[in-house]
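Laboratory data are not the source of any read-out in this text; all were calculated from the coordinates shown. Since the model is a prediction, treat every value here as computed from it, not as a measurement. No Cβ is skipped: glycine too gets one built from the backbone with ideal geometry, and neighbour counts run over all protein chains shown.
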Amino acid sequence: MDKLYHFDPNVNAPIYQQLANSIRSGIKSGAVPFGTRLPTVRELADRLQVAQGTVKRTYDELESEQLIKKAQGRGTFVCYSPAPMGSRKDKALAAIDRALSEMEDMGFSLSEINIFLNLKLRELAAHQENIKVAIIECNREVMDQLQQQLHKLENIDLYTSLLSEMESYPYSISEDMDIIVTTQTHAEAVEGLIQDKHKLAKIALRMASTSVKQIVKLEPGEHAGILCASERFGSLIRHACLSFTDNVTISQPEVFSDINRLESFLMDKTTLLLPDGYERYCSADIHRRLQRFAHTGKVILCHYKIDEGSLMYLEEKIDRLAEKKSI
């Protein structure tokens, strides 16, 4: 069981993230079965000689992914059970593969297929009483990070759409949404695409303090590189670096591409800035190369969050709608 709680202090990645990756792998592989009780925050912190806040953040992340569940007064338990081979999951995936193949044969693009699937899912969920919340953003990294944060809220169903998709296909976010969340930057554009302006919830973002603290520690003379899935996210990170540092060389952002181009990009870099959860945006080869870089260079994971005031406003808006639906 001790292998489950593994981290390498020599790897330049947050301990909470290493722990989360290790525990997540154990749960999803079935090595840690459904119903297993995990150590308390204090027990695990003492065992690993790390701060309790580190373990709490690990558990919060896994709970947001619905892999574990905290039961008041009883402890923290695994609430995920991997599907056995040949199960309904395999049959469902095969059915989806057939449907996707048919839609591709009909000439639909991947973006259009994604929109149609989301529309059908919303129709199936229409009878539910949960608040339907849509997130609209211009880049996938921030959209995914906001989705991860909002998953912690209760009684909501989350839907996402890139702003470019919504502009090309206005019906990608249907009118049955209860709340449409976007940043102040995109509020005007989104407002022009929806009928009921009262559904719009404008939020402000801030870079997570854990990311800021690492950026401000960059020393004069360092050469930092930015790798990302979208140029828009890369521009956000570069602007933050220029605001928080002095005499640090910040290269133009580079979008994840092939391994050969990455090797050239890394040649003169002492630090890399990556979107938190970057592994979902790059190939296995690039992921392995970035892990090797972390042994000799510095890696800063960049994460954006809804600021506290905006989050309180959004929670109140959700609570008011939930009360109306319950009447």
Calculating log10 I(q)/I(0) by the Debye sum over Cα atoms at q = 0.09, 0.10, 0.12 Å⁻¹ from this structure picks out, from (1) -0.71, -0.83, -1.03; (2) -0.57, -0.72, -1.05; (3) -0.49, -0.59, -0.82, entry (2)
Could you work out which residue, out of Gln147, Gln195, Gln17, moves most in a Gaussian network model of the chain, that is, has the largest mean-square fluctuation with Cα springs under 10 Å? Gln195
The alpha-carbon center of the stretch 262-327 and that of the stretch 190-251 are separated, in whole Å, by 11
Tabulate in residue order the Karplus-calculated ³J(HN,Hα) for the stretch 116-121, using 6.51 cos²θ - 1.76 cosθ + 1.60 with θ = phi - 60°, rounded to whole Hz; enter x for Gly and Pro. 5, 5, 5, 4, 5, 4
Built amide H within the under 5 Å cut-off of Glu222, gap 5+: Thr249
Return Lys56, Lys132 ranked ascending by Cβ neighbour count within 10 Å, so the fewest neighbours appear first. Lys56, Lys132
Of all DSSP beta bridges having both residues in the chain, the percent classed as antiparallel (nearest 5) is 25
Can you find, among Leu100, His303, Gln195, the residue sitting farthest towards the positive end of the charge dipole of the chain, where Lys and Arg contribute +1 and Asp and Glu -1 at Cβ? His303
Just to be sure I follow the definition: excluding the sites themselves, where is the longest run in the chain that has none of the GluC sites (Glu not before Pro) in a DSSP loop with at most 11 other Cβ atoms within 10 Å? 176-327
Once amide H atoms are placed 1.01 Å from N in the peptide plane, what residues at a sequence separation of 5 or more from Leu200, or on another chain, have their amide H within under 5 Å of its amide H? Ile180
Arrange Tyr16, Tyr169 by Cβ neighbour counts within 10 Å, fewest through most, would you? Tyr169, Tyr16
Size of the stretch 238-294 as Cα extents on the principal axes (Å, biggest first): 34, 23, 18
Say the cut-off is 22 Å between C-alpha atoms; which of Lys28/Lys56; Lys120/Lys324; Lys132/Lys197; Lys199/Lys324 go over it? Lys120/Lys324
Using amide H atoms built 1.01 Å from N in the peptide plane, name the residues 5+ places from Ile156, or on other chains, whose amide H lies under 5 Å from its own. Ile131
Pairwise Cα inverse-distance average, inverted: Kirkwood Rh of the stretch 2-78 (Å): 12.5
Scalar couplings 3J(HN,Hα) for the stretch 100-113 by Karplus 6.51 cos²θ - 1.76 cosθ + 1.60 (θ = phi - 60°), nearest whole Hz, x for Gly and Pro, are 4, 4, 5, 5, 5, 4, 7, x, 7, 7, 4, 5, 5, 4
Point-to-point label distance, Leu242-Leu193, nm (Cα→Cβ direction, 7 Å offset): 2.7
